[in-house]
Amino acid sequence: MLIVRHTYFRILEMLRQPSYLVSTVLFPSLFFWFFAIPNATDPGRAQLLMGSFAAFGVIGVVLFQFSVLIANEKSSPWNSYLRTLPIPAHVSFVSLLISGIFFSVMTVGGVLITTHLSVTVALPGERWLPFFCALFLGGLPFAFFGFFLGFAARSRNILPIANLVYLPLSFAGGLWIPPHGLPKIVQDISPYLPSRMFAEIVWATLAASELKSQNIFGLLGYLILFIFLSVYFFKRDEGQKF
Amino acid sequence: MKQIEFIDVSKNLSGRLILNSLNFAVSRGEFFSLLGPNGAGKSTVMNLTLGLRRPDSGKIQVFGMNPREKKVKLKMTCTPQDLSFPLLLTVLETLSLVASHYAEKKSIEELIELLDLKEILYRKTGGLSGGEKRRLGLACALIGNPEILILDEPTTGMDIESRQRLWGILKTLSAQKTTILLTTHYLEEVEELSSRVLMLDHGKTLFDGSVQQIKSKVSYRKVILKIVDLAVPRAKTLEHFQKLAGTHRVEDRDTLWTIWTLNSDLWLEEFFQDPLPFKDLIVEESSLEEAFLEFQKNAYR
């Protein structure tokens, strides 16, 4: 019940921030409109571009929202006040995760609606579930990347840091333009980036092609690394303050 | 029964010793005020009591348990620090969120009435004035029906009417045996409300007792009179008062003179042997504020 209340009020607060809704929830749809539609020359390409921008939207919500929210909340006196209430430690964390899923669904929904209105996609019914699962599971390393940045950075620095991570990572991962269109040096680095591994998994589910083990294990490696870093910086932060 | 207990508690923050083997206990129903200059350790005592910090050494118990226990948090509440609330939630939403943490709680309607929140109920907390935030903070603290209430400068920024109303609420709570731990800059508030005062300085206890005990320890009385012969130079009047036996300190503001003395009867007897022309003579007890300042001075002599 407490998780529901905290999640409800967290989502309510976010919905009341037009700047957040535009920058995080609407941007992927707008980017799809500008960058993807001109390149969606056939249903197959449109499908892959839809997957790219849906993944871009998920990364935006979980990495950007979690890092900025955590960095701001950890130094907020309201957060200290919440610690005086009879509230289990996991409630705040779980409510943050659920709100992330909520806004990811909104963002991906926006991309899907834009796709439906602007291009032709012929994705068979049975491919939608693997596609959504890939988005959800592939988004987890970025969620913990967001936690790590949020616990490691100060609130006044987090916005530029989050932007510096989120935007280049999306570009270099081939989420805005296909990997073969990237500059040579970026093409060389791209396969090692978590965003590219995420994109490869999403594209594979959409195209019903085989998932490559290096992408699955690579992303799993990043997940473990970011969990470790999140826990380390969380404990450091707790130790300093409390 | 002891509800809050500090046993040899020391705490360093950023390499500075904030609390130095502090010992005190607060019993059920006490109205306990913490006094001391900035940096004396008052906020650290509050944070340790609330479980927001851990002591470096020593032990803190609330209801005989670690302050971080859920059972403690259900019965001990406070106002939010710096009166920071979620800026985009309304007053009602904020109260509703806080209320959801308690099984035995006051009704929101009762608090709206008690703290005059009706007018601001649907306003976002980001747009509230300082006084309105204080009222909301207090509502957050009261909603859990606490046995221990911790208040950090609850009336700063409040108008006189709101302050009087709050004093009434706190007196009622105290009469109902709620233990109250208070810090404030208004010493008249301490004098009006507290059953016990702990004076801190450099993380140590300077004094622990009732307001009356502080005042009796520093038992100066004030003789206040108005000199009417303006032809007498100020320096001469000052010298006249300073020469009188029993004069501890002399202050003047225009023609109004205040003389601190330990024995006002003896002082007056001497004064009347060769009085300066005066009118409106009154004798007063020192206020708590004066006693507090005097007590601090004496402590360092």
Counting only DSSP beta bridges fully inside the protein assembly as shown, the antiparallel percentage to nearest 5 is 70
Taking Cα atoms, the helix B:234-243 axis meets the longest principal axis of chain B at an angle in degrees (rounded to 10) of 90
Any chance you could get the radius of gyration and Dmax over the Cα atoms of chain B, in Å? 23.4, 73
Using only alpha-carbon positions, what ratio does the radius of gyration of the range B:133-188 give when scaled by 2.2 N^0.38 Å? 1.05
Quick check: the angle from helix A:194-207's long axis to the longest principal axis of chain A, C-alpha only, nearest 10 degrees? 50
Which shape class applies to chain A: rounded if a/c is under 1.5, otherwise prolate when a/b exceeds b/c and oblate if not, where a ≥ b ≥ c are the square roots of the Cα gyration tensor eigenvalues? prolate
Students often forget the sequence filter, so: which aspartates and glutamates lie under 12 Å Cα-Cα from B:LYS222 once same-chain residues fewer than 8 apart are removed? B:GLU251, B:ASP265, B:GLU284, B:GLU285, B:GLU290
Here the range B:140-245 gives, from Cα atoms, an Rg and Dmax in Å of 20.4, 65
Distribution output for the range A:119-214: share of Cα-Cα pairs per 5 Å bin in percent, first bin at 0, values 2, 12, 18, 20, 19, 15, 9, 4, 2, 0
For chain A, set up a Gaussian network in which alpha carbons nearer than 10 Å are linked by springs, and say which option among A:ALA122, A:ALA172, A:ALA36 fluctuates the most. A:ALA122
Which number do you get for Rg(Cα) / (2.2 N^0.38 Å) in the range B:1-124? 1.25
If a/c stays under 1.5 just call it rounded; otherwise compare a/b with b/c (prolate if a/b is bigger, oblate if not). Do that for the range A:89-134, with a ≥ b ≥ c from the square roots of the Cα gyration tensor eigenvalues. oblate
Rounded to whole Å, give me the distance from the Cα center of the range B:8-78 to that of the range B:235-281. 45
Computed [θ] at 222 nm, deg cm²/dmol, chain B (DSSP H ≥ 4; -39,500 (n - 2.57); rounded to nearest 500): -10000 deg cm²/dmol
If you wrap the range B:160-209's Cα atoms in a convex hull and average its projection over all directions, what's the area in nm²? 3.9
Chain A: angle of helix A:158-172 to the longest principal axis, Cα-based, in degrees nearest 10: 20
Step through the table entries B:LYS106/B:LYS133; A:LYS235/B:LYS106; B:LYS133/B:LYS215; B:LYS11/B:LYS73; B:LYS215/B:LYS236, compare each Cα-Cα distance with 27 Å, and write down the pairs that go over it. A:LYS235/B:LYS106; B:LYS133/B:LYS215; B:LYS215/B:LYS236
Indicate, rounded to the nearest 5 percent, the antiparallel portion of the DSSP beta bridges found entirely in the range B:102-229. 50
Mean projected area, convex hull of alpha-carbon positions in the protein assembly as shown, reported to one decimal in nm², is 33.9
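Quick note: the coordinates plus some simple rules give every number you see, no bench work behind them. These figures come from a predicted structure and were not determined experimentally.
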